[in-house]
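**Q** Have a look at this one.
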Amino acid sequence: MLFLLAFLSLTLALPFASITSLVGTLPQDLQAQQKRLWVIGDVHGCLDELNALLVKMQYEPSNDQLIFTGDLVGKGPKSVQVVQRVQELNGLTVRGNHDDKVIRWKGFLNEYTARTGSKHAGTYVDESEVPEGLKLGREHQMLANLLPQPDYEFLRDSPLILVIPDHAALVVHAGLDPRFSLNELDQQDPMTIMTMRSIDQGIASEDHQGTPWYEAWNEKQRESKRPWTVYYGHDARKGLQLHDYTVGVDTGCVNGRELTAIEIPTRTRISVPCQRHFRDADKTSNV
């Protein structure tokens, strides 16, 4: 009941979020194939760097399964092409906060076009009709307009939490609230999963003040008979983070640093250098 109320609250606060799957599990057929599992950090439209990483990894579809920590889109030069490339690779992803903004814009534009009959919704929308939470996301509006419907549905239908039972691993975009147990994943707040960085006065926060959420998660898992490891992105400011039961893999590709893949469970790491596509590096650390 508590999760239902939280979900309804999110739906009202963030119209067109269209969360179809909060928690997903690595498909049984992929678990049975026992491929190498690679978690790749935030790509942010950096298609050339993603392709370079695949070459360096010596990626083989028959041997490797790619899992992305979200934020495939935004800031970088080739967001739509990245979404399409991930699908070509049969990759899996979780929803990031930038993906979420594009998903919400696309959902709104679809509804607006159907309701008004406008053929120009991608370039002109009556400002008074735009939901409050979308008004500052005009880059995301542009991307939503460019994003073909099948690619929108791929992003929309990707879970916020991906569970990998064989390795006691979880993949999310930003983090998990350590106050909830593994049996309560469906009670995690969706926006927290996509934006959190710390625990401030007992509450999950997207700010850097307070205790990093992963410190609390690691402490809790050390007391568990079967600890679970969280692989996540989002926190480019901190870069690569390797702890007992958390692994942060956003190494700031779009800011001109690196794009990183880490294998589950060996933690073998492969990175490639990136061009700087987004100029305000300090600003990106907070979105």
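The values are calculated or read from the model by the stated rules, or taken from the named source; none is laboratory data. Quantities reported herein were computed from a predicted structural model and do not represent experimental measurements. Cβ placement follows ideal geometry from the backbone for every residue including glycine, while neighbour counts extend to all protein chains displayed. Heavy atoms of the whole protein, side chains included, go into the accessibility calculation; ligands, DNA and RNA do not. Shrake-Rupley method; radii C 1.70, N 1.55, O 1.52, S 1.80 Å.
**Q** Against the definition (hydroxyl-bearing (Ser, Thr, Tyr) and at pLDDT below 95), how does residue 113 come out, yes or no?
**A** Details: hydroxyl-bearing (Ser, Thr, Tyr): yes; at pLDDT below 95: yes.
Judged against the criteria, residue 113 is a match.
**Q** What pairs can you find where one residue is in segment 180-203 and modelled with pLDDT of 90 or more, the other is open to solvent by less than 40 Å² (accessible area, probe 1.4 Å) and hydroxyl-bearing (Ser, Thr, Tyr), and their Cβ atoms are less than 7 Å apart, with a gap of 6+ or different chains?
**A** If the second residue must be open to solvent by less than 40 Å² (accessible area, probe 1.4 Å) and hydroxyl-bearing (Ser, Thr, Tyr), the pairs left are 196/205.
**Q** I'd like to check which strands (runs of 3 or more DSSP E) are fully inside segment 225-287 and have at least 1 residues that are farther than 24 Å from residue 206 by Cα and modelled with pLDDT of 95 or more. Give the steps one after another, and end with the answer.
**A** On the way: elements: 229-232, 246-248, 258-264, 269-273.
Passing ranges, in order: 258-264, 269-273.
**Q** Exactly one of these conditions fails for residue 170: (1) open to solvent by 10 Å² or more (accessible area, probe 1.4 Å); (2) in contact with a strand residue (DSSP E or B) (Cβ under 6 Å, 6 or more places away or on another chain). Give me its number.
**A** Evaluating residue 170 over (1) open to solvent by 10 Å² or more (accessible area, probe 1.4 Å); (2) in contact with a strand residue (DSSP E or B) (Cβ under 6 Å, 6 or more places away or on another chain) leaves (1) as the failure.
**Q** Give me the pairs, please: first residue somewhere in segment 71-87 and among the hydrophobic types (A, V, I, L, M, F, W, C), second residue anywhere and open to solvent by 60 Å² or more (accessible area, probe 1.4 Å) and in a helix (DSSP H, G or I), beta-carbon distance under 6 Å, and either six or more positions apart or on two chains.
**A** 80/146
**Q** Same structure again: Can you tell me which of (1) within 15 Å of residue 167 (Cβ to Cβ); (2) open to solvent by 60 Å² or more (accessible area, probe 1.4 Å) is the one residue 27 doesn't meet?
**A** (2)
**Q** Looking for whichever is open to solvent by 20 Å² or more (accessible area, probe 1.4 Å) and within 25 Å of residue 86 (Cα to Cα) here; the options are 212, 265, 190. Which one fits? Let's see the steps before the verdict.
**A** Numbers: 212 fails: within 25 Å of residue 86 (Cα to Cα); 190 fails: open to solvent by 20 Å² or more (accessible area, probe 1.4 Å).
Result: 265 is the single residue among 212, 265, 190 that is open to solvent by 20 Å² or more (accessible area, probe 1.4 Å) and within 25 Å of residue 86 (Cα to Cα).
**Q** Kindly provide the set of residues from segment 216-229 that are among the hydrophobic types (A, V, I, L, M, F, W, C) and surrounded by fewer than 23 Cβ atoms within 10 Å (Cβ to Cβ), ordered by number. I'd like the intermediate steps shown before the answer.
**A** We begin by selecting, within segment 216-229, every residue among the hydrophobic types (A, V, I, L, M, F, W, C); these are 216-217, 228.
Within segment 216-229, 216, 228 qualify.
**Q** Let me ask something else. Go through segment 90-113 and report how many residues are among the basic types (Lys, Arg), touching a residue at least 40 places away in the same chain (Cβ under 8 Å) and closer than 12 Å to residue 143 by Cβ. First the steps, then the outcome.
**A** Kept after step one, since they are among the basic types (Lys, Arg), are these residues of segment 90-113: 95, 101, 104, 106.
Going one step further and asking which of them are touching a residue at least 40 places away in the same chain (Cβ under 8 Å), we end up with 95, 104, 106.
Pick out the ones that are also closer than 12 Å to residue 143 by Cβ and you get 104, 106.
Of the residues in that region, 2 qualify.
**Q** Does segment 235-250 hold any residues that are buried (at least 20 other Cβ atoms within 10 Å of the Cβ) and over 19 Å from residue 267 (Cβ atoms), and which are they? First the steps, then the outcome.
**A** Let us first name the residues in segment 235-250 that are buried (at least 20 other Cβ atoms within 10 Å of the Cβ), namely 235-236, 246-250.
Of everything in segment 235-250, just one residue is buried (at least 20 other Cβ atoms within 10 Å of the Cβ) and over 19 Å from residue 267 (Cβ atoms), namely 236.
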